[in-house]
Amino acid sequence: MTTRAEVCVVACAEAWRGDGAILASSTGVIPRLGARLAQLTFAPELLVTDGEATLLRDADVEGWLPYRQVFTMVAAGTRHVMMGASQLDRSGNSNISCIGAWERPRRQLLGVRGAPGNTVGHPTSYWIPRHSPRVFVERVDMVSGAGWDRGAHEIRVVVTDLAVLDFAGPGRTMRLRSTHPGVSVADVVAATGFTLTIPAEVPPTREPSPAELRLIREHLDPDGLRGT
């Protein structure tokens, strides 16, 4: 039986479909498995980084990527990163810095890190492991990564544990693209703190093929880290 985590791996992989020879950077187990699955199936030209200094081909190192070269790829727009976010709004503005007013936050988080450069320099997608109104907010407490209304290069998709969303709504606002098997549109609406654009028909998220399941379970993640 296919698990929700495996559906999410495939949904993350699909984010890189059609990118060509571009650097795939990912944050978290599920997006990392998605990037590697894409490379092993429909995107063999995709460059996958380990997050530090090497490029991976399957389980082998295929090249060295000095950190300074990452900035060159960012500037050239030849990178597609899938980041996390503590808050996201309808236009794709993200917050990973603080909760509450930045002058005196209730909770200090990571800081803006590379989010500004990522979002204005190249395609950016998001992985949200727990879809909730605390993450999907009307207005982020601090803009760490730019959204469509603030000059983002391209905010592409948001994959969550419930659904896949994009920015094909009015004025490039968030739209529900698909719901994962067993999840209803009402479930997603209830877990979102702003009004989503809902198409007349919302399809289910694509499930992994038998070949993709074998790759995920036997080759990419035999220890089952995707479910933790």
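Taking label points 7 Å from Cα along the Cα-to-Cβ direction, R130 and L213 give a separation of 2.9 nm. What you get for the range 54-102, charging only the Cβ of Lys and Arg (+1) and of Asp and Glu (-1), is a dipole of about 200 debye around the Cα centre. The residue among F136, Q108, A76 whose Cα reaches farthest toward the positive pole of the charge dipole of the chain, with charges on the beta-carbon of Lys, Arg, Asp and Glu, is Q108.
The helix-based estimate of mean residue ellipticity at 222 nm for the chain, built from -39,500 (n - 2.57) per DSSP H run of four or more residues and divided by its residue count, is -6500 deg cm²/dmol to the nearest 500. Stretched out straight at 0.36 nm per residue, the stretch from Q69 to R17 would grow longer than its current Cα-Cα span by 16.4 nm.
Dividing the mean sequence gap of close Cα pairs (under 8 Å, 6+ apart) by how many residues the range 1-143 holds gives a relative contact order of 21 percent. Each label was represented as a point 7 Å from its Cα along the Cα-to-Cβ direction; for V189 and D58 these points are 4.8 nm apart. Of the residues P170, S97, N118, the one whose Cα sits farthest toward the positive end of the charge dipole of the range 4-227, with +1 on the Cβ of Lys and Arg and -1 on the Cβ of Asp and Glu, is S97. Gain on full extension, evaluated as 0.36 nm per residue between R104 and E45 minus their Cα-Cα distance, stands at 16.6 nm. Beyond 24 Å, what percent of the Cα pairs of the chain remain? The calculated P(r) of the chain puts 43 percent of pairs beyond 24 Å. Near P181, once Lys and Arg are set to +1 and Asp and Glu to -1 for all other residues with Cβ below 14 Å from its Cβ, the sum equals -2.
The A76 and M1 beta-carbon pair, evaluated with R₀ = 35 Å, returns a calculated FRET efficiency of approximately 0.25.
Note on the chain: with charges restricted to the Cβ of Lys and Arg (+1) and Asp and Glu (-1), its dipole about the Cα centre is near 640 debye. Counting only whole DSSP H helices of the chain, there are none at least 24 Å long by C-alpha along their axis and with mean Kyte-Doolittle hydropathy no lower than 0.0.
Values quoted throughout were computed directly from the atomic coordinates according to the rules given, and no laboratory measurement underlies them. Note that the structure is a prediction, hence the values are computed from the model and not measured. Note: ideal-geometry Cβ built from the backbone for every residue, glycine included; neighbour counts use all protein chains shown.
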